[in-house]
Amino acid sequence: MHRYEIILYWRNEDQAVIAEAPELPGCMAHGDNREEALKNIQDVMPFWIDTACELGRPVPQPKGERLVYA
């Protein structure tokens, strides 16, 4: 499995935990709890990568470090 950073957060409007892989733009999943959201994003990430490859789009290499937001 690739080592992309995953961010988990609660989103009130969805009443769900959101899992986002910011290094893979638009790659997100959700779940009723953290464990479910994490499992779902781990299931979705390979599909995101496969689709990007099929469309000839670049797949970023995992940075392997914590992203910094300002």
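The values are calculated or read from the model by the stated rules, or taken from the named source; none is laboratory data. A quick note: this is a predicted structure, and the numbers were derived from the prediction, not measured. All Cβ positions, glycine included, derive from the backbone under ideal geometry; neighbour counts span all protein chains shown. In case anyone asks, the SASA skips ligands and DNA or RNA and just uses the protein heavy atoms, side chains included. Shrake-Rupley method; radii C 1.70, N 1.55, O 1.52, S 1.80 Å.
Counting only other residues whose beta carbon sits under 14 Å from that of Leu24, what net charge do I get with K and R as +1, D and E as -1?
Neighbour charge sum, excluding Leu24 itself: -2.
Once each of the trypsin sites (Lys or Arg not before Pro) sitting in a DSSP loop with at most 16 other beta-carbon atoms within 10 Å is removed, the chain keeps 4-62 as its longest stretch. Taking Cα atoms only, the orientation of helix 34-54 departs from the longest principal axis of the chain by about 20 degrees.
Given a 1.4 Å probe, how much area per residue of the chain is accessible, in Å²?
74 Å²
Helix-only arithmetic for the chain: the sum of -39500 (n - 2.57) across DSSP H runs with n ≥ 4, divided by the residue total, places the mean residue ellipticity at 222 nm at -10500 deg cm²/dmol. Put Val17, Val44 in order of accessible area, highest first, and with a 1.4 Å probe you get Val44, Val17. Of the residues Pro22, Gln42, Tyr4, the one whose Cα sits farthest towards the positive end of the charge dipole of the stretch 1-43 is Tyr4 (charges of +1 on Lys and Arg Cβ, -1 on Asp and Glu Cβ, taken about the Cα centre).
Sparsely packed loop sites in the stretch 7-70 (the GluC sites (Glu not before Pro) outside DSSP H, G, I, E and B with at most 11 other Cβ atoms within 10 Å) comprise Glu13, Glu65.
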